[in-house]
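In what follows, a structure is listed as structure tokens, so that the remarks can point back to it.
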Amino acid sequence: MKLATTTGDFYGYTRSQIKALEHIRAAGFKYADYNFGSDYRDRNGVYSEDYKHFFGEVAEAADKIGIKLVQAHSPMGKPLVDDGGVFIADTIRCVEACGYWGIPNLVVHSGYVHGLTPEETFEQNKLFFMPILREAEKYGVNILVENFNKMHHEGLYWIDNATDLLRQIEVVDHPLFHAVWDAGHANMQDMPQDEELRLLGSHVRALHIQDNLETSDSHLVPFLGTMNLDAVMNGLLDIGYEGYFTFEVGGFFTPAAKRRKYERETRLAGAPLALRDAFERYLYDLGRVVLESYGVYEE
């Protein structure tokens, strides 16, 4: 397997996706996940007026930097809320970008609405996914549905396990519709991850590797939480997974907004970029050790 990480790693330090790719490559990563959520929050990048020019800028920069875009994550939104098709159009823009950059797999979250039964939730999500899949057909881009973090809300059905992912895949019934496995989200469940992965089998086309303490979706570095990486690795080997081992770690440092305030001085309100770069290098080394332990590390 080859190591990858997300451009979202550096969202707190730069709003430039190209700069983020430079930092990721400097840490050792040769493969990256493009996080469209950054563009969506700032309404820039792929959502800028001259977005096709931006497509070209990113392609040129990635080639120059020496990094390959191998998967992507569409923005988080409210897929099942009627907004006149705006969110679907925003997601389709991501499909178009993936087609331009040659990215084979795009993660698109399913939606939820209070009061829907499980089967109604699957059917409503099918209506959301189908226009996106029709666009994906033009480029051969796989649309990957993700297992959410575990939540408990009265009257709300939340797709958070392999059984539900498999059901959603069956309901959509499209050759380009598969799954991404979020190991951190799965860590908040009771079923061992190798069993969950075996349920999905060849539908697992991408990964989000992150950790937590089971009570919140904290996106910690592996080994800082309770996730069992042996269960993850054995599950991946059992299903013959051939995709990228992609990190989705945001929990290197506690955000400044969540720490105690000190108005007199703020130079260390956020961890300096040099420290973030050092942790990114550590993340690459950690991933390499994990994959080498199972004899599957690839450059």
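The values are calculated or read from the model by the stated rules, or taken from the named source; none is laboratory data. Just so it is clear, the structure is predicted and the values come from calculations on it, not from any experiment. So basically every Cβ, Gly included, is an ideal-geometry build from the backbone, and we count neighbours across all protein chains shown.
Checked against (1) hydrophobic (A, V, I, L, M, F, W, C); (2) within 26 Å of Arg43 (Cβ to Cβ); (3) part of a strand (DSSP E or B), Ala62 passes all but condition (3). Can you tell me which residue is farthest from Leu229 (Cα to Cα) among those in region 250-292 that are touching a strand residue (DSSP E or B) at 6+ places or on another chain (Cβ under 8 Å) and modelled with pLDDT of 95 or more? Looking at residues that are touching a strand residue (DSSP E or B) at 6+ places or on another chain (Cβ under 8 Å) and modelled with pLDDT of 95 or more, I get Glu280. Among the conditions (1) more than 30 Å from Lys68 (Cβ to Cβ); (2) in a loop (DSSP other than H, G, I, E, B), the only one that Arg167 does not satisfy is (2). For region 1-42, the tally of residues that are assigned to a strand (DSSP E or B), of a type in the set (Phe, Trp, Tyr) and surrounded by fewer than 23 Cβ atoms within 10 Å (Cβ to Cβ) stands at 1. Reported count of residues in region 193-207, each being buried (at least 21 other Cβ atoms within 10 Å of the Cβ) and of a type in the set (Asp, Glu), is 1. Restricting attention to region 149-163, the residues that are touching a residue at least 40 places away in the same chain (Cβ under 8 Å), aliphatic (A, V, I, L, M) and out of contact with any helix residue (DSSP H, G or I) (no Cβ under 7 Å at 6 or more places or on another chain) add up to 1.
Restricting attention to region 45-60, and to residues there that are of a type in the set (Gly, Ala, Ser) and farther than 11 Å from Trp101 by Cβ, which single residue is surrounded by the most Cβ atoms within 10 Å (Cβ to Cβ)? Across region 45-60, the extreme among qualifying residues is Gly45. For region 93-122, give me each residue that is crowded, with 22+ Cβ neighbours inside 10 Å, part of a helix (DSSP H, G or I) and touching a strand residue (DSSP E or B) at 6+ places or on another chain (Cβ under 8 Å). Scanning region 93-122 gives Cys94, Val95, Ala97, Cys98.
Among residues of region 123-159 being acidic (Asp, Glu) and outside any loop (DSSP other than H, G, I, E, B), the one that is surrounded by the fewest Cβ atoms within 10 Å (Cβ to Cβ) is Glu137. Scanning region 228-265 for residues that are in a helix (DSSP H, G or I) and aliphatic (A, V, I, L, M) yields Leu229, Ala231, Val232, Met233, Leu236, Leu237, Ala256, Ala257. The single residue among Glu146, Glu120, Glu96, Glu137 that is under 19 Å from Arg41 (Cα atoms) and either free of Cβ contacts under 8 Å to residues at least 60 places away in the same chain or under 17 Å from the mean Cα position of the chain (by Cα) (or both) turns out to be Glu96.
Right, Ser293: within 20 Å of the chain's Cα centre (by Cα), closer than 30 Å to Arg198 by Cβ and of a type outside the set (Phe, Trp, Tyr) or not? No: the conditions fail for Ser293.
Is there a residue being acidic (Asp, Glu) and either touching a helix residue (DSSP H, G or I) at 6+ places or on another chain (Cβ under 6 Å) or closer than 19 Å to Asn147 by Cα (or both) anywhere in region 103-120? For region 103-120, residues acidic (Asp, Glu) and either touching a helix residue (DSSP H, G or I) at 6+ places or on another chain (Cβ under 6 Å) or closer than 19 Å to Asn147 by Cα (or both): present. On the stretch given as region 74-86, residues that are over 18 Å from Thr6 (Cα atoms) and surrounded by 21 or more Cβ atoms within 10 Å (Cβ to Cβ) total 1.
Could you look through region 175-227, keep only residues that are of a type in the set (Asp, Glu) and part of a helix (DSSP H, G or I), and pick out the one that is nearest to Tyr284 (Cα to Cα)?
Within region 175-227, the subset of a type in the set (Asp, Glu) is 182, 190, 194-196, 211, 214, 217.
Filter once more, keeping what is part of a helix (DSSP H, G or I): 194-196.
Numbers: Asp194: 23, Glu195: 27, Glu196: 26 Å.
Taking the candidates together, the pick is Asp194.
Against the test of being under 22 Å from Ile239 (Cβ atoms), within 16 Å of the chain's Cα centre (by Cα), of a type in the set (Gly, Ala, Ser) and surrounded by 16 or more Cβ atoms within 10 Å (Cβ to Cβ), the options Ala162, Ala183 yield a single qualifying residue, Ala183.
On inspection, Val46 qualifies as among the aliphatic types (A, V, I, L, M), in contact (Cβ under 8 Å) with a residue 12 or more places away in the chain, under 19 Å from Phe87 (Cα atoms) and not in a loop (DSSP other than H, G, I, E, B).
For first residues located in region 272-299 and within 21 Å of Ile239 (Cα to Cα) and loosely packed, with under 14 Cβ neighbours inside 10 Å, partners that are modelled with pLDDT of 95 or more and among the basic types (Lys, Arg) and lie 6+ apart or on another chain with Cβ distances below 8 Å form the pairs Glu298/Lys2.
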